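The next block holds one structure in the form of structure tokens; read it before the comments.
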Amino acid sequence: MKKDQALVAKLKNPKLKDAAFAELLDLYQERLYWHIRKLVITHENADDVLQNTFVRIYRSIEKFQEKSSLHTWMYRIAYNESMRFIEKNKRFQFDNLEDATLNHFQILQEDSYYSGDEIQAKLHRIIQGFTEKQRKVFQMKYFDDLSFREISELLNVSESTLKSSYYAAVKIIEKKILE
Amino acid sequence: MGKAPKHNDKFLRGDKNSIAEKHKEYLGMEMPSDYFAKSKLSILDKVRTEQVEPPKKETKVRYMNVRLQYMVAASVVFLLFFNLWLFNFNGNTTDDSYDLLMTSENVLINSLLLEDDEVDGYTNELLINEIVIKAELSEQKLDNFFMNSLFVEDSLLDNYTDDKFIETIIL
């Protein structure tokens, strides 16, 4: 946390900004990439959105008021950029959950950087079947390694609600994956 | 389809430390080797270009609040009526000045007290009223006289001209 604060101070200093930004990329690029990748599915899409996300971070770092942690602030920017991409891209438009799951698989299988087997496809299907909130909580906690406190900050939900939602999701997965 | 999942027994146990490993192992998602190093260079490049060409400022559209809109609309209407009134007022002033010119015996002296435009307007009006219209009327009178003379007998016409002649000479 203190390391992040020092980094933000450097990012806000015009003389140190570029060096600090390179440091920021080393620290957070991968985490944001995977967060984006799960939303926009393919590597190519994720690459585009990741670049836009960091350009936006660079442009607006002076406006960051440090009310939240640097990580959650960037995470939110990455989420917004992904949503902007999804809204622009007609391939992501669908009317119901069934179509959404089908669409998800179609896009996933077209990606040359997807090498999923049967069980991985099954996990994708189970996660797609969750409610939006449950899916977010599970992915943020399990795959993005966010703490419950950070997730609570991002989703505006109490930590206890998040915990029960997460453990319920894990139980569903364990049960369905062994079926 | 028949492939046995090698990670079935340790699913979601959290024994994968790297995020990339987790995504590959459980979601089958991969990425090109050395991707992050290349991506970092590309992002830094983009950012440097941004510095050379700063982003265009977004045009902000400011909306007036309703109260201000009413005030502006009322002011516009007021200005419109004020202009109309001013125009009529100026028009009357011009007429008055014409009267001053017409009623006065000494046009030249009064004209010194008025604007050139007003004097020009007066002289134009005078030219039309006094000269052109009067000339037109007298010409019409002459035509009527000539036409009547064709239908009236000579003796009557002689009487008429005599009367006119006597009137003109005596009076």
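Before moving on, here are some points about what is shown:
- D (Stokes-Einstein, µm²/s), Kirkwood Cα radius, chain A, 1.002 mPa s at 20 °C: 121
- Förster radius 25 Å - calculated FRET efficiency between residue B:126 and residue B:146, Cβ distance, rounded to 0.05: 0.25
- Only the Cβ atoms of Lys and Arg (+1) and of Asp and Glu (-1) were treated as charged; on that basis the dipole of the stretch A:16-90 about its Cα centre amounts to roughly 380 debye.
- Vicinal HN-Hα couplings computed from phi for the stretch A:24-41 (Karplus, 6.51 cos²θ - 1.76 cosθ + 1.60; Hz; Gly/Pro x): 4, 4, 4, 6, 10, 4, 5, 5, 5, 4, 5, 5, 5, 4, 5, 7, 9, 6
Quick note: the coordinates plus some simple rules give every number you see, no bench work behind them. What you are looking at is a predicted structure, and each value in this text was computed from that prediction instead of being measured. For neighbour counting, all protein chains shown are included, and Cβ atoms are generated from backbone atoms with ideal geometry for every residue, glycine included.
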